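The values are calculated or read from the model by the stated rules, or taken from the named source; none is laboratory data. It should be emphasised that the depicted structure is a prediction, and the values quoted were computed from it without experimental measurement. Note: ideal-geometry Cβ built from the backbone for every residue, glycine included; neighbour counts use all protein chains shown. Surface areas here come from the heavy atoms of the whole protein model, side chains and all, with no ligands, DNA or RNA. Shrake-Rupley method; radii C 1.70, N 1.55, O 1.52, S 1.80 Å.
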Amino acid sequence: MLEFQTTQPEETITIAKKLGRQLQAGDVLLLDGDLGAGKTTFTKGLAEGLDIKRYIKSPTFTLIREYPDGRIPLYHMDVYRLEETGASDLGLEEYFDGDGVSVIEWSQFIADELPSDYLTIHFNKNDDDDQMRTLVFEPHGTHYTALVEASFDN
């Protein structure tokens, strides 16, 4: 595991941009944290690292926002609304095995649909400082361990 502390959204974007430069088609990232913890801000940085120029918005009401115009496509998913229904009919494996990067917020609601290997990034708010965040990178599988090392080895 690897941890970063940030106090500004720009710091979160910079960290995500480094990771985004290393991402490959088929990578799956799970963003775990409360509302307002910085998950969409992080996704903006990933998009920059993928050379996506479009504005990144939260997919809260659309479930999946697709950004196909970068080095590789970005599929930003917010599956919070699937808490009661699950995702078995959405065909998520086509995204996971496809030509882009899947970024999933609230992944606990589709745990049965997730691949065995992925990178979880935990976003923890600081109770004493409203702006401080701790980002914890938890790789699952050798590919994601190597991805984290390659992204932050300098």
At 1.4 Å probe size, put PHE152, PHE137 in order of accessible surface, largest to smallest.
PHE152, PHE137
Which value in nm describes the separation of the simple spin-label points at ALA150 and ASP34, placed 7 Å from the Cα toward the beta carbon?
3.5 nm
Given the whole protein assembly as supplied and a 1.4 Å probe, what does the accessible area of LYS44 come to in Å², nearest 10?
60 Å²
How many nm is it between the label spots at GLU93 and GLU3, if each spot is 7 Å from the Cα in line with the beta carbon?
3.8 nm
Evaluate the distance, in nm, between pseudo-label points positioned 7 Å from the Cα of ASP117 and of GLU66 along their respective Cα→Cβ axes.
2.6 nm
Rounded to a whole %, the carbon-and-sulfur portion of the accessible area of the chain at a 1.4 Å probe is 44 percent
Span-like helix ranges in the chain, DSSP H, alpha carbon extent 20 angstrom or more, Kyte mean at least -1.0:
9-22
Taking Cα pairs closer than 8 Å and at least 6 residues apart, the relative contact order of the chain in percent is 32 percent
Determine by what factor the alpha-carbon radius of gyration of the chain differs from 2.2 N^0.38 Å, reporting the quotient.
0.96
Average accessible area per residue (Å²) across the chain - probe 1.4 Å, nucleic acids and ligands excluded
52 Å²
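How much length would be gained if the chain were fully extended between ALA25 and LYS53, taking 0.36 nm per residue of separation minus their Cα-Cα distance, in nm to one decimal?
Gain in length upon complete extension: 8.3 nm.
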Cα convex hull of region 92-144 - mean projected area over all directions, nm²:
4.7 nm²
